[in-house]
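The values are calculated or read from the model by the stated rules, or taken from the named source; none is laboratory data. Quick caveat: nothing in here was measured; it's all calculated off a predicted structure. Please note: Cβ atoms are built from the backbone with ideal geometry, for glycine as well, and neighbour counts cover all protein chains shown.
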Amino acid sequence: MNISRLIPLAALIAAPASADVLGVDLNGPAKAKATVIDSQGRVIGKAEVKNLKDSGLRVTISVRGLPRGEHGVHIHAIGACEGPKFTSAGPHWNPHAKMHGLQNQDGAHAGDMPNLQVNKKGKGKLVHEIADGRVKGDFAMMDEDGAAIVIHAQTDDQRTDPSGNSGDRIACGVFVK
């Protein structure tokens with residue numbers, strides 16, 4: 001046996017583990033995905049959240065089959081999507097106890113995002129970065145009861161608490177690691 005091969009391995013095992021050395025996020029999974037369904041239970045799209053390198057999350061949503069226009073979209077605090085109203089997803093993800101809205105001087109919830117633009121063919125895509133959250137760990141989106149992505153029927157006014165007057169919940173997806 002060549003002992004020179006064992007020394008680097010032993011050094012790696014004895015050294016404190018870090019995300020940089022191992023290439024993993026020690027706070028948990030680096031991403032979570034959701035299959036988005038409408039109120040009839042049909043799959044209409046997908047969503048993904050990924051930890052950014054230093055801090056924060058990148059949220060990507062891609063959907064089809066929704067009414068044309070702007071729709072409020074938020075990360076909700078509970079990983080449940082019982083249709084047709086999706087109230088099982090609970091309130092917006094809000095680990096810092098803020099008010100609602102990206103334009104609210106006392107906001108925003110961590111789960112607040114810009115409106116989703118849906119074109120005349122019913123397709124929409126949104127990419128948004130959330131500065132102070134993680135998939136798992138401090139300020140975790142994926143806590144004991146998970147998280148969901150919820151799309152609303154109307155435009156989010158980005159100011160009015162608790163949901164920006166964005167109306168009924170018309171689509172939902174449970175994030176899974």
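Taking the listed residues ALA89, ALA108, ALA80, the one that is of a type in the set (A, V, I, L, M, F, W, C) and at pLDDT below 95 is ALA108, with no other qualifying. From the list ASP132, ASP138, the one residue that fits, being modelled with pLDDT under 90, exposed (fewer than 14 other Cβ atoms within 10 Å of the Cβ) and over 14 Å from the mean Cα position of the chain (by Cα), is ASP138.
Can we say VAL43 is β-branched (Val, Ile, Thr), farther than 15 Å from ALA147 by Cα, out of contact with any Leu (no Cβ under 9 Å at 6 or more places or on another chain) and at pLDDT below 95? Spelling it out, it is not the case that VAL43 is β-branched (Val, Ile, Thr), farther than 15 Å from ALA147 by Cα, out of contact with any Leu (no Cβ under 9 Å at 6 or more places or on another chain) and at pLDDT below 95. Can you tell me which condition ALA80 does not meet? The list is (1) assigned to a loop (DSSP other than H, G, I, E, B); (2) of a type outside the set (D, E, K, R); (3) free of Cβ contacts under 8 Å to residues at least 60 places away in the same chain, and all the others hold. ALA80 satisfies every listed condition except (3). Would the range 141-148 turn up any residue that is at pLDDT 95 or above, within 20 Å of GLN40 (Cβ to Cβ) and not hydroxyl-bearing (Ser, Thr, Tyr)? Checked the range 141-148: at least one residue is at pLDDT 95 or above, within 20 Å of GLN40 (Cβ to Cβ) and not hydroxyl-bearing (Ser, Thr, Tyr).
Evaluated against (1) surrounded by fewer than 16 Cβ atoms within 10 Å (Cβ to Cβ); (2) more than 15 Å from ALA171 (Cβ to Cβ), PRO67 falls short on exactly one condition, (2). Reported count of residues in the range 52-76, each being modelled with pLDDT of 95 or more and either at positive phi or assigned to a loop (DSSP other than H, G, I, E, B) (or both), is 7.
In the set GLY146, GLY122, GLY107, GLY164, which member is crowded, with 22+ Cβ neighbours inside 10 Å and not charged (D, E, K, R)? When all the criteria are applied, what remains is GLY164. Candidates HIS96, HIS100: the one that is of a type outside the set (Phe, Trp, Tyr), in contact with an Asp or Glu (Cβ under 6 Å, 6 or more places away or on another chain) and more than 17 Å from SER62 (Cα to Cα) is HIS100.
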